[in-house]
């Protein structure tokens, strides 16, 4: 709440400067008989931006920075006998203190934790006062500076436009920052994971059996119970994706051919949005549908046919995922089929071929790269899909090609590992980041390749 | 292959003979197309049908009507209607007494079972009633209470009374009690007042979506406030201002890549950056909204760019011609004209964000939270995550509640998408 009020006050101050600047400029306009460089409101905006931007900058820097500062400062308040203990970990100590600060107290924490928490709370109070006063001072001072600059010769429109241009450019850099943040968050933890587990074991191992290290120690005292071979996960992922493709490629492709070549414009206007509804249904709904309708249905049908279908079979997840990615294939393929120039079709008809022959022998070969690209994009969608597999595919890391058995996937392992309580610095927690890294690499490669194909194909006709 | 000369008459003959086959092939392809479309439509209808038939009963539940003697001394011992006083009161005993006077259980075990017939939310219900209307004190009023979820399932026919007692979740005693209650016409099947107004609860008969609904609204607001300005600003910069050079190319490649990154990875980024490094609390709508904003940003940027590109250059030239500066052209002409397209893209992006689950699981919005979040800093959950959590519970009644929540979520999504289509049709200009 404190932060909210502070931001509101800063905003109010800047609005105040806007009206002051506006009034001053209007006064100047009368004095100099309309001979002012810019329209009056630009002077107001200049004062507003001058007041708002520096104080907001200071606010964000300080609120982000104070946690770093505090956790650095608290180090010296942790008693020596704690830091000297063998299993001491600063992050755990910090988490204990933070929990205590937030009022999450389990049992009776040691005295040094409560002391440190009290200290932390007092720091937060001081820092709030410092942040508030600094922000307010800056906003008033820099706003007043902007206000003072207002005179007949000041080119306020140019100044305001320059600031806005910079802001626009900065916001477009967010895309780069997000990419960097994603890479940063995944790569660092993955490097730590590969320090514990050799990379070749991760890439080529055939057994996936992560255990919390605490459980390992409490158990037999043996080391190396956990195994981090990711092949079963990738096998499961691709098995489910393959089943999904078996559903979505025929349905999506034939729908696209029908809609673009055979359908009347009325049919097209009705069925195209209808197919796109499938893409708009949340994945958690598909997951629920797979787990509670499709999987039991497959199980009963299987047992009638004398087959043993696991209750969380790859088939159920794959079928439902196939339904989900139909629109990705149909609408992208539809676009590329439509992009094939009419002259090619006309040439075919001119030679006396039927629609079927034109479509299969002229249009589809011409559109093939685009169709392939749409299928690759659909695969990358299927590989990265999470909720369906979490809810319907189970957690058993079986290395199997039998669609009736339960398999697990990369995304569902990531979710299982990272949801709920995690152990700091444990190989199990870190393995989720390594999985995410490989997942990103795979999906990005597919995406790059697909876009490359589309680009190459476009150049042929344009 | 040697070239063979074919007599034109012969050729006509060949074509004539083959034409039937070729037409049949053509019809076959048309048929395959129709089958494919039909299958996709069937999938869609079956999905909606299955969700709807499962979820429609979730909006209703069984209630029992009891005569409650509102005895102030027993319900509100301190007499000040405060929460502590109502908590100390023995409202549930009053409810049980009223119930016992009808069904008359004999023995310890029967009494114990009888107490469970009415949902454990009975004292809260009485507390709420007397808080809203203190004049109830001293009267005897008929009050409706939700029945326990096992009895609800029994009344819906999911628990068969013919199965042996040891294999079903409710005992013979309880079945006799329920029969007695329905003989006296005290059991009714009504629109549930918990599904919309209740919050997360371990008791399925009391669970509702209120908390998740407000969590969704808060999260989406944060997402919109961040993603819309940033998306439009980026689109304007890339289309109107930036020169085509290496840096803009890198930005464009980045945007396309972000659109392809699996959503769960955005959750991991939120966990590593916002929570671990910036030290923000877990489970709060603020972090959820920020993660979803970064995720929907590519959608908004790409559609906004298309909308800006559709504004004809003549508009810009006219504005430049009367002396407008570059930014005046952009802010006075290009953006207002491109706004419908940008809004359409934004609504579609928001619909995506509303249905997204996986990244929010990563940042801990999956916690069991009973309170309705009041601000973006309060821990909360969102509708799709609530659906995911309910789908995991074992109680039969949660399946109906989950489907009911899905119907509500789909309702919102369809409304948003329909609104986007309407906007596009109504406001978009053809140049």
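The values are calculated or read from the model by the stated rules, or taken from the named source; none is laboratory data. Since we're looking at a predicted model, the values are computed, not measured. Note: ideal-geometry Cβ built from the backbone for every residue, glycine included; neighbour counts use all protein chains shown.
Of note:
- Qualifying positions in segment A:249-302 - in a loop (DSSP other than H, G, I, E, B) and either in contact (Cβ under 8 Å) with a residue 24 or more places away in the chain or within 10 Å of another protein chain (Cβ to nearest Cβ) (or both): A:263, A:281, A:282
- Check on residue B:40, touching a helix residue (DSSP H, G or I) at 6+ places or on another chain (Cβ under 6 Å) and either in a helix (DSSP H, G or I) or more than 7 Å from chain A (Cβ to nearest Cβ) (or both): yes
- Put simply, of B:51, B:102 the only residue that is in a helix (DSSP H, G or I), under 25 Å from residue B:156 (Cβ atoms), away from chain A (no Cβ under 14 Å) and out of contact with any strand residue (DSSP E or B) (no Cβ under 7 Å at 6 or more places or on another chain) is B:102.
- The criterion of being touching a helix residue (DSSP H, G or I) at 6+ places or on another chain (Cβ under 6 Å) and either within 18 Å of residue B:382 (Cα to Cα) or free of Cβ contacts under 8 Å to residues at least 24 places away in the same chain (or both) does not hold for residue B:166.
- Out of B:367, B:418, sole residue that is without any contact (Cβ under 8 Å) to a residue 40 or more places away in the chain and more than 11 Å from the chain's Cα centre (by Cα): B:418
Let's see how each residue does on (1) modelled with pLDDT of 80 or more; (2) crowded, with 20+ Cβ neighbours inside 10 Å; (3) in contact with a helix residue (DSSP H, G or I) (Cβ under 8 Å, 6 or more places away or on another chain); (4) within 30 Å of residue B:171 (Cβ to Cβ):
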position	(1), (2), (3), (4)
B:108	yes, no, no, yes
B:120	no, no, yes, yes
B:123	no, no, yes, yes
B:129	yes, no, yes, no
B:134	yes, no, no, no
B:139	yes, no, no, no
B:142	yes, no, no, yes
B:146	yes, yes, yes, yes
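- Being within 21 Å of the chain's Cα centre (by Cα), free of Cβ contacts under 8 Å to residues at least 24 places away in the same chain and over 30 Å from residue B:278 (Cβ atoms) holds for only one residue in B:391, B:404, and it is B:391.
- Only a single criterion out of (1) modelled with pLDDT of 90 or more; (2) more than 14 Å from chain B (Cβ to nearest Cβ) is not satisfied by residue A:330, namely (2).
- Residue match in segment A:234-247 (condition: modelled with pLDDT of 85 or more, part of a helix (DSSP H, G or I), at the interface with chain B (Cβ under 10 Å from one of its Cβ atoms) and at negative phi): yes
- Qualifying residue in segment A:371-381 (condition: within 30 Å of residue B:26 (Cα to Cα), surrounded by 15 or more Cβ atoms within 10 Å (Cβ to Cβ) and at the interface with chain B (Cβ under 9 Å from one of its Cβ atoms)): yes
- As a summary of the residue check, residue A:347 satisfies the conditions (1) in contact with a helix residue (DSSP H, G or I) (Cβ under 7 Å, 6 or more places away or on another chain); (2) farther than 17 Å from residue A:255 by Cα; (3) more than 10 Å from every other protein chain (Cβ to nearest Cβ) except for the one numbered (1).
- Within segment B:358-383, tally of residues that are at the interface with chain A (Cβ under 8 Å from one of its Cβ atoms) and farther than 20 Å from residue B:275 by Cβ: 0
- Out of A:429, A:400, A:416, A:386, one residue alone is surrounded by fewer than 22 Cβ atoms within 10 Å (Cβ to Cβ) and either without any contact (Cβ under 8 Å) to a residue 24 or more places away in the chain or touching a helix residue (DSSP H, G or I) at 6+ places or on another chain (Cβ under 7 Å) (or both). It is A:429.
- Only a single item in (1) part of a helix (DSSP H, G or I); (2) touching a helix residue (DSSP H, G or I) at 6+ places or on another chain (Cβ under 9 Å) is not met by residue B:64, and it is number (1).
- Selection status of residue B:32, away from every other protein chain (no Cβ under 14 Å) and either within 37 Å of the chain's Cα centre (by Cα) or not in a helix (DSSP H, G or I) (or both): no
- From B:314, B:283, residue being assigned by TED's automatic domain parsing to the domain that holds residue B:236, surrounded by fewer than 17 Cβ atoms within 10 Å (Cβ to Cβ) and more than 22 Å from residue B:257 (Cβ to Cβ): B:314
- So residue B:66, is it in contact with a strand residue (DSSP E or B) (Cβ under 7 Å, 6 or more places away or on another chain) and farther than 24 Å from residue A:254 by Cβ: yes
- One residue stands out in segment B:317-327 among those that are crowded, with 16+ Cβ neighbours inside 10 Å and in a helix (DSSP H, G or I): the one that is nearest to the other protein chains (Cβ to nearest Cβ), namely B:327.
- Taking (1) assigned to a helix (DSSP H, G or I); (2) more than 30 Å from residue A:302 (Cα to Cα) in turn, residue A:411 satisfies each apart from (2).
- Number of the condition not met by residue B:226 [criteria: (1) under 30 Å from residue B:306 (Cα atoms); (2) not assigned by TED's automatic domain parsing to the domain that holds residue B:381]: (2)
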